[in-house]
Every structure is written in structure tokens, then in C-alpha cells.
Amino acid sequence: MSYGPLPYHARRLGYFLAVCEHSGISKAASAIGVAQPALTRQIKLLEQELDTQLFRRSGRSAEPTDAALHLMERIKPHMAAIEQALVELREDDAKQQSKVRKEVI
């Protein structure tokens, strides 16, 4: 297993989940604070990497394909676990930094 490109893939998968949850690229972009053209590009790159269409686009909506629904079902719990692990890491680091500051004083 290669961990090299994971940050890029994790970010793209997070963007993918946002588009699924917000039923459209514009809404997702607004919700996560990313420019709509940048989000569109990341979704297209993910579709190219996976060699499959993830959304049926019509007007301002993006309906997930069956492949997207399957992918979302599989990765959502893992993405939530990764997010939780990062939150815990930051909290532990903040506690450690606070402890060091108290020891210095």
C-alpha cells in the first residue's frame, strides 16, 4: 500500500462527499468554502482517476450515480474516523503544548 498521494485523495474524497451531501457543486462549494470552479476541477480529476462518472449534472444539481452512492457508502465512515483522529491529534497536541508552557513558567 502506498501512502504518498493520500492527502490529495483524502481531500478529493472529502469534496466528493460534500457534493453528495449538498446535492450540487455550487451548494457544496459554498458550504465548505471552496471556489466552485476549483471544486468542479477536483471532482473531474477524481472521476478521471476512478475512470467513472460520479454525478449526473443537470442545471445546478449534481445527482450521484450508482457508483457514487456505493463509493459514498464505503468511504463515509472512514472519512469520519480520519476527521476524528485529526481532531484528537490536535487536542492532544494543544494539551501537550499547554503542559510544556506550565512547566516552563
Report the relative contact order of the chain, percent, no decimals, based on alpha-carbon pairs under 8 angstrom and at least 6 residues apart.
22
Among Gly33, His9, His78, whose Cα projects farthest towards the positive end of the dipole of the chain, with charges put on the beta-carbon of Lys, Arg (+1) and Asp, Glu (-1)?
Gly33
Residues whose placed amide H lies under 5 Å from that of Ala62, excluding near-sequence neighbours
Gly24, Ile25
Rounded to the nearest 500 deg cm²/dmol, what is the calculated helix-only ellipticity per residue at 222 nm for the chain, with -39500 (n - 2.57) per DSSP H run of length n ≥ 4?
-26000 deg cm²/dmol
Please give, to one decimal in nm, the separation of the simple spin-label points placed at Thr65 and His9, each 7 Å out from Cα toward the Cβ.
1.9
Multiply the residue gap between Ala38 and Ala94 by 0.36 nm, knock off their C-alpha separation, and tell me the result in nm, one decimal place.
17.0 nm
What residue among Ala68, Ala38, Ala18 shows peak mean-square fluctuation when the chain is described by a Gaussian network model with Cα springs under 10 Å?
Ala38
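Restricting everything to alpha-carbon atoms, can you work out Rg to Rh for the range 1-92 with a Kirkwood hydrodynamic radius? Kindly include the intermediate steps, with their values, before the conclusion.
Values: Rg = 13.5 Å, Rh = 13.8 Å.
Value, to two decimals: 0.98.
Coordinate-derived values only; no laboratory data. None of the values given here were measured: they were computed from a predicted structure. Cβ atoms come from the backbone with ideal geometry, glycine included; neighbour counts cover every protein chain shown.
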